[in-house]
Amino acid sequence: MRSGRSPVGEAGVAIGRDMAVAGYRSVIAELPPGSQRSRVGACPDYARMGSVRAVVQRVTSASVEVAGDVVGAIGRGMVVLVGVTHDDVASKATKLATKLWNLRIFDDDDGVMNRSLADLSDLCRANPADAAGVLVVSQFTLYGDTSKGRRPSWIAAARPDVAEPLVDAVVAQLRALGAEVETGRFRTEMAVTLVNDGPVTVIVDV
């Protein structure tokens, strides 16, 4: 996995993205009516969609199974479904992890959502009952485009070989910050079970 910025910098990323979008539009323009063109519609707006996307749910418990085996489980904490698009870079993974670590969605003593994972990590040193974990699961369908037709288009979702290192980077950074993290498993059919506490669900784009 590469870390840091590419030598070409953000300008190079933008140029590459614009070339990819232009190329995509030229291919779609050549397709006849009734083909993939009609299902996919216009090119996704990468300037708008170019972010690591997460759906965060506050839970009292959660687990993920693969082929009947539990591969990750937490008690109180948050489930984070993470979607990656084509031009995401490692710096965005770090930014997302920091955002999650400091996201105040847990109740304080007055029942107000004023505490984050970072706060609970400090509190659990005195009271282990305050501990909270994180279950991170890759979710490419967060970039499904339902604006045309009845079948979602997945064009904006990054391929697994691109997405996996980015999700791994989110997990690594969360652990570096002090979070107890469990994960799903890439390139498998997963069954996620959770009890949403509240319910509390928020969407985070970085």
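The values are calculated or read from the model by the stated rules, or taken from the named source; none is laboratory data. Because the structure is a prediction, the values reported are computed rather than measured. Every residue, glycine as well, gets a Cβ built from its backbone with ideal geometry; the counts of neighbours run over all protein chains shown.
Some points to look at:
- Pairs linking a residue in segment 188-205 that is closer than 8 Å to Arg58 by Cα to a residue that is charged (D, E, K, R) and part of a strand (DSSP E or B), with Cβ atoms under 6 Å and 6 or more positions apart or on different chains, are Asp197/Arg58; Gly198/Arg58; Val200/Arg58.
- Looking only at segment 62-77, residues that are in a strand (DSSP E or B) and not β-branched (Val, Ile, Thr) come to 7 in all.
- Only one entry in Arg175, Arg185 is assigned to a loop (DSSP other than H, G, I, E, B), under 22 Å from Val70 (Cα atoms), out of contact with any helix residue (DSSP H, G or I) (no Cβ under 6 Å at 6 or more places or on another chain) and basic (Lys, Arg), namely Arg185.
- Taking each residue of segment 63-86 that is closer than 27 Å to Ala129 by Cβ and looking for partners that are of a type in the set (Lys, Arg) and surrounded by fewer than 22 Cβ atoms within 10 Å (Cβ to Cβ) with beta-carbon atoms closer than 7 Å, six or more apart or interchain, yields Val71/Arg185.
- Test for Ala191: is it in a helix (DSSP H, G or I) and over 12 Å from the mean Cα position of the chain (by Cα): no
- Scanning segment 62-89 for residues that are buried (at least 20 other Cβ atoms within 10 Å of the Cβ), among the aliphatic types (A, V, I, L, M) and under 19 Å from Gly178 (Cα atoms) returns Ile74, Met78, Val79, Val80.
- Unmet requirement for Ala93, which otherwise passes all of (1) touching a helix residue (DSSP H, G or I) at 6+ places or on another chain (Cβ under 6 Å); (2) on the phi > 0 side of the Ramachandran plot: (2)
- When Val80, Val59 are checked against the criterion of being in a strand (DSSP E or B), within 21 Å of Val162 (Cβ to Cβ), modelled with pLDDT of 50 or more and not aromatic (Phe, Trp, Tyr), a single residue qualifies: Val80.
- Residue within segment 31-50 that is at pLDDT 95 or above, surrounded by fewer than 20 Cβ atoms within 10 Å (Cβ to Cβ) and more than 18 Å from Val162 (Cα to Cα) present: no
- Pairs, first part of a helix (DSSP H, G or I) in segment 92-110, second of a type in the set (S, T, N, Q), C-beta under 6 Å, six or more apart: Thr94/Gln173; Ala97/Gln173
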